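Trainee: After the structure tokens below, expect a handful of questions from me.
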Amino acid sequence: MSASITYELRPIEQSELDAAHALELACYPVEAAATRESFAFRQQHFPGYFWSAWQDNELIGLSCGVRTAESSCESDAVKSAHSAEAGGNHLVILSVAVAPKHRCSGIGSALMRALIERAEADQLATIVLMCEQHLIAFYEGLGFEYVAVSASTHGGIEWHEMRRVI
């Protein structure tokens with residue numbers, strides 16, 4: 001892996017959702033991965049919160065979330081993204097996926113910064129997410145604080161809730 005690779009970072013387009021879903025399935029167990037339908041909902045209703053990283057016309061990373069009135073991401077309704085509210089004051093990050101061969105190259109951080117900057121521009125109150133234990137330090141490095149082990153066991157995984165106050 002190269003520490004400095006060249007890639008394009010931009011909001012994802014509807015025509016690219018099949019590639020996004022394939023990347024999601026490559027990065028998460030099927031039980032925890034978002035559905036193609038959920039990706040379509042997120043891109044349609046929250047296009048500014050669905051970012052992608054491309055290298056040579058290949059999708060190598062994505063990050064997405066939804067605005068909601070919920071200040072926690074434990075609810076299964078939030079994870080399905082169909083309880084999202086366009087005017088919600090919180091951003092729940094639902095997916096961050098980087099192709100295995102491109103991990104540890106800064107792509108995940110760049111994708112997260114895109115979501116953080118948009119949430120700041122929209123003057124949201126908080127950004128919340130759930131991550132696996134080995135990613136806690138990564139999110140702390142992006143200004144998130146550890147909240148607790150999540151009550152959610154989505155996909156049979158022990159999740160840890162993180163929060164960043166804006």
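The values are calculated or read from the model by the stated rules, or taken from the named source; none is laboratory data. What you see is a predicted model, and the numbers here were worked out from it, not measured in a lab. Please note: Cβ atoms are built from the backbone with ideal geometry, for glycine as well, and neighbour counts cover all protein chains shown. To get the accessible areas, we keep the full protein, side chains included, count just its heavy atoms, and leave off ligands, DNA and RNA. Shrake-Rupley method; radii C 1.70, N 1.55, O 1.52, S 1.80 Å.
Trainee: Add -39500 (n - 2.57) for each DSSP H run of 4 or more in the chain, then divide by its residues: what number comes out at 222 nm, to the nearest 500 deg cm²/dmol?
Mentor: After summing the helix terms and dividing by residue count, I get -8000 deg cm²/dmol.
Trainee: Tally Lys and Arg at +1 and Asp and Glu at -1 over the other residues with C-beta under 12 Å from the C-beta of Y49: what net charge comes out?
Mentor: Once positives and negatives cancel, what remains is +1.
Trainee: Moving on. Given charges of +1 on the Cβ of Lys and Arg and -1 on the Cβ of Asp and Glu, with all other atoms neutral, how large is the dipole of the chain about its Cα centre, in debye to the nearest 20?
Mentor: Approximately 220 debye in magnitude.
Trainee: What share of all Cα pairs of the chain, in percent, falls into each consecutive 10 Å distance bin?
Mentor: 11, 43, 39, 7, 0
Trainee: A further question on this structure: How big is the shadow of the Cα convex hull of segment 80-152, averaged over all directions, in nm²?
Mentor: 5.7
Trainee: I've got another one for you. GluC sites (Glu not before Pro) within segment 6-78: which are DSSP loop residues with at most 13 other Cβ atoms inside 10 Å?
Mentor: E13, E31
Trainee: Where in segment 109-132 does the label zone of Q44 land, with the point 7 angstrom along Cα→C-beta and an amide N cut-off under 11 Å?
Mentor: none
Trainee: Taking the dipole about the Cα centre of segment 100-143, with the C-beta of Lys and Arg at +1 and of Asp and Glu at -1, give me whichever of H102, A121, C131 is farthest to the positive side.
Mentor: H102
Trainee: Okay, next question. With springs only between Cα atoms under 10 Å apart, run a GNM on the chain and tell me which of L111, L135, L25 wobbles the most.
Mentor: L135
Trainee: Continuing with this model, one more query. Can you give me the % of accessible surface on the chain that is carbon or sulfur? Probe 1.4 Å, all protein chains present, nothing else counted.
Mentor: That share works out to 48 percent.
Trainee: Counting only heavy atoms of the protein chains, get the accessible area per residue of the chain (1.4 Å probe) and round it to a whole Å² value.
Mentor: Result: 47 Å² of accessible area for each residue.
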